[in-house]
Amino acid sequence: MLTRDALAGKHALVCGASQGIGLATAQLLARSGARVSLLARDMQKLELARESLEHPERKHRSLSCDMSDLVAVRRLKNELLASDVDILVCNTGGPSPGPLLEADTNQFLEAFTQHLLSHDLLVKSVVPGMRERRFGRIINIISTSVKAPLPGLGVSNSIRGAVANWAKTLANELGPHGITVNNVLPGYTETQRLEQILQNTMARTGRTRQEVSDAFTADVPARRFARSEEVAYAVAYLSSPLAGYVNGINLPVDGGRTVCL
Ligand code: NAD
């Protein structure tokens, strides 16, 4: 566990921070001493999230931006260049589900834009400051599908693989400047996204919530879902100066579900 001031003086930009893993991460980074900028689309939800952060005197702020709109992401560039971001958490909503053979080109284009191109623009906005200060942490929340593709997630499996290789390439390029780039791979995590998937499965199969949850966790050695805070702890460690020699990795936080090493 990080001390309460492990991230003192650091500025963290957390994307997808209005709920779920992003919100838990923003809350933990604020508790660990960082000033936090929260990014998502809905300003009202962002403001509620911002009010939930400890240490309001650090002037946490909310940024409304749709990550599927590259023009909107580009608009943030100047603001970010000037705002000395030390920690960038790349995170957004998951791509639409379905088998690969049923996915259309637009779904691929949307996912590529939202998951890779927009984060690439954000990285290019914050890296000049990180290089100057010789400190930076870029953490991408992706999926265990970079290790073993998940059934029924054709577009997601494809895009996550691309993001993982983008991140590894960045890790190689930025390592000499004191900047690390790592990926956190959540397993089933209790968020609104997972709740929606459970509800859809219940409606489709007529099974109870307990039956559906048991079926999901049957192949998780921990036999339970993660709490979003448990994913955030991994992000907080990778964000900290303690993790300076950890670069270019994929860290599953999945209760042991991923079958390969
Ligand atoms: P979530 O849907 O609960 O939250 C996603 C966040 O991203 C929200 O703040 C949402 O407003 C924001 N967002 C969505 N689309 C956006 C857009 N176009 N522009 C800006 N912000 C946008 O998701 P979560 O469960 O917290 O998952 C976060 C990431 O982790 C996703 O990529 C998800 O696929 C992945 N993941 C989640 C699980 C899980 O079980 N929850 C498992 C594996 C991977």
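The values are calculated or read from the model by the stated rules, or taken from the named source; none is laboratory data. No experiment lies behind these values; they were computed from the predicted model shown. Positions of Cβ are backbone-derived with ideal geometry, glycine not excepted, and every protein chain shown enters the neighbour counts. Just so you know, the surface numbers come from the protein's heavy atoms only, side chains and all, with ligands and any DNA or RNA stripped out. Shrake-Rupley method; radii C 1.70, N 1.55, O 1.52, S 1.80 Å.
Here are a few things to note about the model shown:
- Annotation: amide H-H contacts under 5 Å for S62 (H modelled 1.01 Å from N, sequence separation of 5 or more, or interchain): L38.
- Degrees, to the nearest 10: 118-133 long Cα axis against longest axis of the chain: 30 degrees
- Solvent accessible area, Å² - D66, 1.4 Å probe, full protein context: 60 Å²
- The stretch between S96 and K77, if pulled fully straight at 0.36 nm per residue, gains 4.1 nm over its current Cα-Cα span.
- For region 128-231, the set of trypsin sites (Lys or Arg not before Pro) satisfying both a DSSP loop assignment and a count of at most 16 other C-beta atoms within 10 Å is given as R134, R207, R223, R224.
- Region 157-260 - accessible surface per residue (Å², probe 1.4 Å): 50 Å²
- Here r is the Cβ-Cβ distance between M43 and Q192 and R0 is 22 Å; the resulting FRET efficiency, rounded to 0.05, is 0.75.
- Computed from phi, the 3J(HN,Hα) profile of region 169-174 under the Karplus parametrisation 6.51, -1.76, 1.60 (θ = phi - 60°) reads 5, 4, 4, 5, 6, 9 Hz, with x in place of Gly and Pro.
- Only Lys, Arg (+1) and Asp, Glu (-1) charged, at Cβ; the chain dipole about Cα centre in debye: 440 debye
- Computing FRET efficiency as 1/(1 + (r/R0)^6) for E173 and S52, where r is the C-beta to C-beta distance and R0 is 45 Å, gives about 0.80.
- The chain, helix-only ellipticity at 222 nm - DSSP H runs n ≥ 4, -39,500 (n - 2.57), divided by all residues, nearest 500: -13000 deg cm²/dmol
- Taking the centroid of alpha carbons for each part, region 92-150 and region 4-81 are 17 Å apart.
- Across the alpha-carbon set of the chain, the Rg to Rh ratio works out to 0.96, Rh being the Kirkwood radius.
- In this simple spin-label approximation, D104 and L261 carry label points 7 Å from Cα along the Cα→Cβ vector, and these lie 4.4 nm apart.
- For region 21-134, the per residue solvent-accessible surface stands at 50 Å², with DNA, RNA and ligands left out and a 1.4 Å probe.
- In this calculation the C-beta distance from D120 to A222 is compared with R0 = 41 Å, giving a FRET efficiency of 0.75.
- Shown for the chain: the carbon plus sulfur share of the solvent-accessible area, taken with all protein chains present and a 1.4 angstrom probe, equals 53%.
- Interchain or long-range residues, amide H under 5 Å from I138's placed H: L88, T180, V181, N182
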